[in-house]
Protein chains: 2
Amino acid sequence: MKQMAGGAYARQALLPEGFRDQLAPKAEQEAALVRGLVDTFLSHGYDRVAPPLVEYEDSLLVGAGKTRAKQMFRLMDPDTQRMMAVRADMTMQMARLASTRLADAPRPLRLAYTGNVLRTKGSQLRPTRQFVQAGVELVGSPSLEAELEVIAVAVEALAAVGIGELSLDLTVAPLVAMMCDQHKLAGDVREGVMAALEAKDIGGLAVLPDASRAAFEKLLQAAGPAKQANEMLSGLELKGGAGKLVARLSRLTEMVADRLPDLSLTIDPCESHGFEYKSGIGFALFAKGGEGELGRGGRYMVTHPDGHEEEATGFSVYLDSLMKALPAAEKTDHVFLPFGTKSSDGNKLRVEGWRTVQGLDAGADPLVEAKRLGCSHILLDERVRPV
Amino acid sequence: MKQMAGGAYARQALLPEGFRDQLAPKAEQEAALVRGLVDTFLSHGYDRVAPPLVEYEDSLLVGAGKTRAKQMFRLMDPDTQRMMAVRADMTMQMARLASTRLADAPRPLRLAYTGNVLRTKGSQLRPTRQFVQAGVELVGSPSLEAELEVIAVAVEALAAVGIGELSLDLTVAPLVAMMCDQHKLAGDVREGVMAALEAKDIGGLAVLPDASRAAFEKLLQAAGPAKQANEMLSGLELKGGAGKLVARLSRLTEMVADRLPDLSLTIDPCESHGFEYKSGIGFALFAKGGEGELGRGGRYMVTHPDGHEEEATGFSVYLDSLMKALPAAEKTDHVFLPFGTKSSDGNKLRVEGWRTVQGLDAGADPLVEAKRLGCSHILLDERVRPV
């Protein structure tokens, strides 16, 4: 009987893959990082909003939400028998708010958010299936000043929580398709070219006629430090939408370099993976020397009920990536208060910023007890002493 | 076509009953309240932990979790095809942590937590199906000092977020069953008595023989201010477990009155509803003059994998109840920064604690723009002026 209970418990102790218990001091570090990020967002006039974890499935599958369809857990609403889904990303919820409840709020609309998102499957890059997202959305301004603001807020927020040296990678997700149109590429050739660019495989461009190949090769070679990349891109002498996009990119690069001179700037004009729902310039931030991406954002369109579209730019940080880029949290100091300590003495210490641990056992030796409980200090004879 | 899109959107704008978008300034107020509560918990040496929103169903259905079985949403894990559930309460997760990963951590173990919980159905008292819970668990001390500490921490945390005048209602959930055992009540009579006590219906006690009836009538009449209640309960001259429980209650009342003299203290010895999984003294906190309960807690048992049980006491606040008891949040001041304001000027204001809103439109009249955006102030000629 007890054996069985033990077996059941051993199983219970196991969490489903990709879910985890965050313990102190990590749980506290994560909460402090969220505070730090959101405080910066609010200081730039972004209004905090908190949408629910669960919505009707169809309201999470609008626009950009479609790209997350397979990642969302579904729940049956027992009241209405309608399918609901757990959010896999909070960006769509901001678009929903901007286009419905906040449709009449003055533009540009600035929204800040943080919360948990769940995914049905972890990816290789991010095996966890629950993580905290924090971000901002700036809705209703088509100006490049919007991109600049969002990038500046993101950089300031990350600096505020301890990520000093950052590198920014700019992308132009729609560019490749625009160039394919201009070169009248279709069918297998078009798909081959897009795959080759995605894979950074110059050999894959061999399928192209000479005239086009040169342009796509240059595009591939342009990836790298921003100044150089912009020169190469302008050498392509692109026309129409592609030309405008490249000009915007070049102008934004100047604005960012001017405002944030310490930021390393790179451009990847072939990158579109993960930027599927971005309609213009996208960007990703990396800690210098670190491996993983800390957060990403970019321009996209919010679709309103009457069908009209509104320009928006946003940025999101994933807390698990951020935690990996920062030194591990250290254990906090605690003062042990021996049994019988006056509650006013404990109060006084807490007001001074100490964390106290009250002894509950009248018979125990205070110093032994303080050590056993892992306290760094003890209150003895009305003085705080190291243990 | 557009009509259809409009219709689809109108539906999308609707959230499932019991779920809601929290907008500014409410979302910010809630986040600030959570901060305030948890900061107090941490200052008393409670370690912050953050369990996942989702676990395997069976790990959430252990012990006290069984009472929540119908309230939990179920999800299928696509990886393992095992059923998972979304937590409907965080207390069981603390018990799981205490009995598994933290089984060897020194006792008493102090845990603090906050997070969202989901429920399949709203209740009349709490129609929302998602809300934020914040609380503490003190595991491994059978002492009354543990109850005292948890009550004191709860009162201090609520005071820190603005609930000044509180009233504490103490309960002894197992008492009624113990008295029924002593009076050898069984079957319909026992159930009738328990229902009558629950409903505070003295007439329902008429089924009892005279000798027993007097005792149960006294129990019912004892409900009220603590001093009086304790006198009446001691007059019952209860023996065995019931006697010990009543003596503990009386002792705790003295300790609480001594430590927290401003707290109104009441006792409800017949109350067991909602305290099903409490093994001893339970308590609920109310704002004086307010209607709703702000939070509740009490003593319960944590069952370990080897079958042994460990004493624990905890306390939980529900943020929706807390928000109702506090004045509505006010809109925050914002300074409008006209287009072209130097970014260093904005920085300076933010360091001083201002929230800034950057103008993105070069052509707009700054004062008109500041008003349109709802800013309280504007930066003009390097000075902050009211709008």
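A quick yes/no check of all residues on (1) farther than 20 Å from B:A152 by Cβ; (2) open to solvent by 70 Å² or more (accessible area, probe 1.4 Å); (3) away from chain B (no Cβ under 11 Å):
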residue: A:K348; (1), (2), (3): no, yes, yes
residue: A:W354; (1), (2), (3): no, no, no
residue: A:Q358; (1), (2), (3): no, no, no
residue: A:L367; (1), (2), (3): yes, yes, yes
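Filter the range A:240-271 down to the residues that are free of Cβ contacts under 8 Å to residues at least 40 places away in the same chain and crowded, with 17+ Cβ neighbours inside 10 Å and list them by number.
Result: A:S250, single match.
Any idea which residue in the range B:142-157 is nearest to the chain's Cα centre (by Cα), counting only those that are within 8 Å of another protein chain (Cβ to nearest Cβ) and open to solvent by 10 Å² or more (accessible area, probe 1.4 Å)?
Quick first cut of the range B:142-157, residues within 8 Å of another protein chain (Cβ to nearest Cβ) only: B:143, B:145-146, B:149, B:152.
Right, trim to open to solvent by 10 Å² or more (accessible area, probe 1.4 Å) and you get B:143, B:145, B:149.
Working: B:S143: 23, B:E145: 21, B:E149: 17 Å.
Going through the qualifying residues, I end up with B:E149.
Which of the residues belonging to the range A:291-308 are without any contact (Cβ under 8 Å) to a residue 12 or more places away in the chain and more than 12 Å from chain B (Cβ to nearest Cβ)?
A:E291
Kindly indicate the residue of the range B:329-346 that is more than 8 Å from every other protein chain (Cβ to nearest Cβ) and of a type in the set (A, V, I, L, M, F, W, C) and also surrounded by the fewest Cβ atoms within 10 Å (Cβ to Cβ) among those meeting that condition.
B:A329
Here are some conditions: (1) open to solvent by less than 10 Å² (accessible area, probe 1.4 Å); (2) under 25 Å from A:A329 (Cα atoms). A:E30 meets all but one. Which one does it not meet?
Tallying (1) open to solvent by less than 10 Å² (accessible area, probe 1.4 Å); (2) under 25 Å from A:A329 (Cα atoms), A:E30 fails exactly one: (1).
Provide a single number: the residues in the range A:40-63 that are surrounded by fewer than 19 Cβ atoms within 10 Å (Cβ to Cβ), more than 7 Å from chain B (Cβ to nearest Cβ) and of a type in the set (A, V, I, L, M, F, W, C).
Adding up the residues that qualify gives 1.
Which condition number does B:S321 fail, the rest of (1) surrounded by fewer than 18 Cβ atoms within 10 Å (Cβ to Cβ); (2) away from every other protein chain (no Cβ under 12 Å); (3) under 23 Å from B:P25 (Cα atoms) being met?
(1)
Within the range A:20-67, track down each residue that is part of a loop (DSSP other than H, G, I, E, B) and of a type in the set (K, R).
Once the filter is applied, which keeps residues that are part of a loop (DSSP other than H, G, I, E, B) and of a type in the set (K, R), the range A:20-67 yields only A:R20.
I need the full set of residues from the range A:177-211 which are open to solvent by less than 10 Å² (accessible area, probe 1.4 Å) and in contact with a Leu (Cβ under 9 Å, 6 or more places away or on another chain), in order please.
Start the filter on the range A:177-211 by keeping residues that are open to solvent by less than 10 Å² (accessible area, probe 1.4 Å), which leaves A:179-180, A:193, A:196-197, A:205, A:208.
Of everything in the range A:177-211, those that are open to solvent by less than 10 Å² (accessible area, probe 1.4 Å) and in contact with a Leu (Cβ under 9 Å, 6 or more places away or on another chain) turn out to be A:M179, A:V193, A:A196, A:L197, A:L205, A:L208.
Which residues, counting only those in the range A:72-122, are within 23 Å of A:V302 (Cα to Cα), free of Cβ contacts under 8 Å to residues at least 24 places away in the same chain and more than 8 Å from every other protein chain (Cβ to nearest Cβ)?
A:D104, A:A105
Looking at A:G353, A:G359, A:G346, A:G340, which one is within 43 Å of the chain's Cα centre (by Cα) and at positive phi?
Result of the check over A:G353, A:G359, A:G346, A:G340: A:G353.
Let's see how each residue does on (1) part of a helix (DSSP H, G or I); (2) under 16 Å from B:A50 (Cβ atoms):
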| position | (1), (2) |
| --- | --- |
| B:A69 | yes, no |
| B:L75 | no, no |
| B:D79 | no, no |
| B:A98 | yes, yes |
| B:R107 | no, no |
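For the condition under 19 Å from the mean Cα position of the chain (by Cα), in a strand (DSSP E or B), surrounded by fewer than 21 Cβ atoms within 10 Å (Cβ to Cβ) and not acidic (D, E), what is the one hit in B:G115, B:G135?
The conditions single out B:G115.
The values are calculated or read from the model by the stated rules, or taken from the named source; none is laboratory data. A quick note: this is a predicted structure, and the numbers were derived from the prediction, not measured. Neighbour counts are summed over all protein chains in view; Cβ atoms, including those assigned to glycine, are modelled from backbone coordinates with ideal geometry. With ligands, DNA and RNA removed, areas are computed over all heavy atoms of the protein, side chains included. Shrake-Rupley method; radii C 1.70, N 1.55, O 1.52, S 1.80 Å.
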